[in-house]
Amino acid sequence: MTAPMSDDGIVVLSRDGDLALVELNKPPHNLLDGAVLDELEAAFGEAVDGGCRAILVASRLRHFCAGADLEAMRSGQLAKVDFIGFLHRMEDLPVPTVAAVHGAALGGGLELALGCDMIVAAETAQLGLVETTLGLFPLMGGVQRVVAAVGPARAKEIALLGRRHTAAVLERWGLINQVVADEALGEASRSLGRQLAAGPTVAYRAVKQIANLTAAGGVAAGDALTGEVAPSVWESDDLEAGLRVFLETGSPRAVFTGG
C-alpha cells in the first residue's frame with residue numbers, strides 16, 4: 001500500500017501483509033488537533049479500502065500521545081472539533097484495531113487508545129485522563145468508555161483525580177489487555193495485529209458491532225443486533241472454510257481470507 005502521506009507526515013501509513021500500521025508522527029509529543037484527527041481518519045479509511053484486515057495504531061515518537069494541543073485549545077480551534085464523531089467512526093471500523101502504547105498516553109491520547117478494540121502497553125507507559133488538571137473534562141468519550149470497561153467507581157477516580165497510572169495498574173483494573181516489556185512492545189503488538197488480520201474478518205466485524213452496542217445500550221440491545229449481523233456470518237467464506245477444515249481434520253486450522 002502506498003499511503004497519501006509522506007514518510008515524514010504527521011500520520012504515517014504502511015502495511016505488513018494484511019495488517020495496516022498507522023503511526024502518529026507529530027513532534028514533539030503527538031499532540032492532537034483537528035488536522036491530526038483528519039489524517040488519522042484518512043489513514044483508517046485508506047487501510048480499509050486497501051483490503052487491510054486489522055489496524056495497529058502506534059507512535060514513531062517518544063510518547064504515544066500526550067493529549068490535546070493546548071495552543072489549539074486556547075485559540076478555540078478544538079471547540080469546533082467533533083471528537084465524539086471521530087471516535088464513533090473509529091470504533092465502527094469494520095476490522096479489528098489495536099493500540100500499541102508507550103511513553104505517555106494522556107487525555108486525548110488515552111481516549112484514542114480506548115477507541116481501539118485492544119490495548120497493548122509497554123510496562124513503563126503512563127496513562128491517564130488528566131483533563132481536570134486544566135479545568136476541563138475528557139472530550140473524546142473517555143469517561144463513558146472507562147465506565148463501560150471498569151465501572152463507575154474507577155472511572156470517576158481516573159477522571160476526577162487526573163492522575164497518571166502505570167500500565168500494570170490499568171491492566172489489573174481491566175482497561176488494558178496486555179502489558180509487555182518496553183523492548184517487546186513492537187513485536188507483541190504486531191503479533192497480535194497479524195493474528196487478527198489472519199482471522200475471520202466478517203465474524204470479527206459482527207463481534208465488534210455486538211460488543212460496542214452492548215457497551216452503549218446494554219445486553220438487550222446486543223441481543224437484538226445479533227440477529228441482524230448473523231446472516232453475513234452464515235454466508236461468509238471464512239465460516240465455510242472453518243467448518244470444512246474442522247470436520248475434515250478435527251482441528252481449527254482453517255486459513256481465513258476475510259470473505
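The values are calculated or read from the model by the stated rules, or taken from the named source; none is laboratory data. All figures in this text were calculated on a predicted structure; none of them were measured in a lab. Positions of Cβ are generated from backbone atoms using ideal geometry, with glycine treated the same way; all protein chains shown enter the neighbour counts. Ligands, DNA and RNA are excluded from the accessible area calculation, which covers all protein heavy atoms including side chains. Shrake-Rupley method; radii C 1.70, N 1.55, O 1.52, S 1.80 Å.
Tabulated values for the structure
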quantity: Over the chain: Kirkwood hydrodynamic radius from C-alpha pairwise inverse distances, Å; calculated: 19.0
quantity: For the range 135-224: accessible area per residue (Å², 1.4 Å); calculated: 52
quantity: Anisotropy class of the range 147-210 from Cα gyration tensor, a/c 1.5 cut; calculated: oblate
quantity: Solvent accessible area, Å² - residue 84, 1.4 Å probe, full protein context; calculated: 60
quantity: Per-bin percent of Cα-Cα distances, the range 1-116 [5 Å]; calculated: 2, 12, 24, 26, 21, 11, 3, 1, 0
quantity: Modelled FRET efficiency - R0 45 Å, residue 123 with residue 255, Cβ distances, 0.05 increments; calculated: 0.85
quantity: Translational diffusion coefficient (Stokes-Einstein; Kirkwood radius from C-alpha pairs) of the range 81-159 at 25 °C, 0.890 mPa s, in µm²/s; calculated: 191
quantity: Antiparallel DSSP beta bridges within the chain, as percent of all bridges there, nearest 5; calculated: 30
quantity: Check: the chain dipole with +1 on Lys, Arg Cβ and -1 on Asp, Glu Cβ, in debye; calculated: 720
quantity: Positive-end extreme of charge dipole, the range 15-74 - chosen from 20, 68, 42 (charges on Cβ); calculated: 68
quantity: Heavy-atom SASA rank of 189, 251 (probe 1.4 Å, accessible area, largest first); calculated: 251, 189
quantity: Rounded to 5, the percent of DSSP beta bridges in the range 1-139 classed as antiparallel; calculated: 25
quantity: Size-normalised alpha-carbon gyration radius of the range 103-222, reference 2.2 N^0.38 Å; calculated: 1.11
quantity: Area of residue 187 that stays accessible when all protein chains are in place (1.4 Å probe, Å², to 10); calculated: 110
quantity: Charge dipole magnitude, Cβ of K and R +1, D and E -1 - the range 116-200, Cα centre, debye nearest 20; calculated: 260
quantity: Packing rank of 114-123, 177-186, where each peptide gets the mean count of other beta carbons within 10 Å, highest leading; calculated: 114-123, 177-186
quantity: Förster radius 35 Å - calculated FRET efficiency between residue 243 and residue 48, Cβ distance, rounded to 0.05; calculated: 0.85
quantity: Residue 154 accessible area, assembled protein chains, probe 1.4 Å, Å²; calculated: 90
quantity: Extension gain, residue 137 back to residue 16 (0.36 nm per residue minus Cα-Cα distance, nm); calculated: 39.9 nm
quantity: Dipole axis of the range 1-137 (+1 Lys, Arg; -1 Asp, Glu on Cβ), positive-most option in 56, 29, 81; calculated: 29
quantity: Overall form of the range 50-104 per C-alpha gyration tensor (a/c, 1.5; a/b vs b/c); calculated: oblate
quantity: Nearest-20 debye value, the range 156-226 charge dipole, Cβ charges on Lys, Arg, Asp, Glu; calculated: 160
